[in-house]
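Notes for the one structure printed next.
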Amino acid sequence: MNADALIMAAHFAHTRWRLAFDDRQKLEDWQQARLQRFLRETLPRASAFRHAGYERLSDLPMMDKASMMAAFDAYNTRGILLDEALPIAMQAERSRDFEPTLGQGSRALTVGLSSGTSGNRGVFLVSKAERLRIAFFLRANSNLYTTLNSRRIDFAFHDLLEGIEPALPRLNANRPDVLVGPPSLLRALATEAAAGRLHIQPAHIISVAEVLEDDDRGAIQASFGQAPHQLYQATEGLLGYTCEHGCVHLNESFVHIEPDWLDEARTRFQPIVTDFTRQTQLIVRYRLNDVLRVCDAPCPCGRAERAIAAIEGRSDEVLWLPALADGRATPVFPDFLRRAMLFAGTTVREYRIVQAGMRLDIALQIPGDRPQAIQRVSHELAGLWQALGLQAPALNFNDWQAPAAGVKRRRVERRQAPPGLACTF
Ligand SMILES: [Zn+2]
């Protein structure tokens, strides 16, 4: 193990295990103390907040990716312009070399592109000190380590763009202790391991960047004998992690998260994030598009950090349909669709559902009897609309195609809501 890896392990031990609050009040006191210092010392260093003298978080305006990108230099403490940062980020993305390139020495910044869909691209700045602090989660001493440590957020498999094939011989040679990647990639590696082409026994498997679904979790565990851990990370920060019981807890020892509830029963919310550990690019009352579903019961591990049952995806992964009774816009969460597809049976290997108004385009990968599988999917969805009291959309079935290498897998997408429907998020 090299020195950096040891430092990371120490950070990990200190931050994640010593800071395991079992008392909610203590956690909130800790957050408040950190927040106050952040508001007093860090916030005024960004011009967007310089003259306001904010004393309470709730006094601050909300921000999101669009507002941050529109006033990029005002939201970072170094006054760096988007025009300076964007070409460097583009170049880093193109060359897949994420070494710090803006500024020099201890003031050098890593510049990265966020993985948002095109047209919604973000640029992110991270100083060297901040990178180290975040890297603690990754106790890797393999060649993955350099890549993982080279960029704060996108813990991408180093050759995600090249696909699986070229990675196999290198993985077999290097035998990584820690495997980090999006679940679609981990699943593909699990398939290779099951087929006897991959011979690795990682001690930790960490799923990032996409929603980890139960069927992927099962396949990965079956192949590697390890349940994958999940890091809930967005470009905006590291927002959650799985505990020893496999439950995702919000990373509230480091990030303040206000829930913006989406339903009256308070089962789902969108997070409004304030990262009080940031020093360079400020994330303050920043609304994320993600939809999180809370756990019904407290986690047996006893951590005070809020437990979430699932990260259901982005708000554009929520479909909207009119209610039968009064035509009111009603959300159909991706989890409902996932379950319906699960009940439709194992003949559906992959699927993708895209809403275009009152039509759903459903792409299916079916090795066996296609008409029968389509009938079962139709039946399950009809049952879902009925259970939710919704007007049934038209279903249009077609063939599933694998996303290009490096492209995020999204099984559900709302491209266009039904015309005239007032969706609330
Ligand atoms: Zn737990």
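So the values come out like this:
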| item | result |
| --- | --- |
| Top positive-direction residue, dipole computed over region 189-261 with Cβ charges, set Ser207, Gly225, Gly237 | Gly225 |
| Given charges at beta-carbon only (K, R positive; D, E negative), |dipole| of region 228-339 in Debye | 40 debye |
| Placed amide H near Val412: partners under 5 Å, 5+ positions off or other chain | Ile353 |
| Inter-label distance for Ala195 and Asp296, nm, one decimal - labels placed 7 Å from Cα along Cα-to-Cβ | 3.9 nm |
| Within region 318-416: Cβ-based charge dipole about Cα centre, in debye rounded to nearest 20 (Lys, Arg +1; Asp, Glu -1) | 300 debye |
| Sulfur and carbon atoms: percent of accessible area, region 318-416 [1.4 Å] | 50 percent |
| Gyration tensor over alpha-carbon atoms, region 318-416, equivalent ellipsoid semi-axes in Å | 23, 16, 11 |
| DSSP beta bridge pairing in region 318-416, given as percent antiparallel to the nearest 5 | 55 percent |
| Residues whose placed amide H lies under 5 Å from that of Gly122, excluding near-sequence neighbours | Ser114, Gly116 |
| Extended-chain gain in nm, criterion 0.36 nm per residue less alpha-carbon gap, Asp369 and Leu168 | 69.1 nm |
| Cα-centre dipole for region 284-349 with unit charges at Cβ (Lys and Arg positive, Asp and Glu negative), debye to 20 | 120 debye |
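The values are calculated or read from the model by the stated rules, or taken from the named source; none is laboratory data. The structure presented is a predicted model; accordingly, all values stated were derived computationally and were not measured. Note that we place each Cβ from the backbone using ideal geometry, even for glycine, and neighbour counts take in every protein chain shown. Side chains included, ligands, DNA and RNA excluded: accessible areas come from the protein's heavy atoms. Shrake-Rupley method; radii C 1.70, N 1.55, O 1.52, S 1.80 Å.
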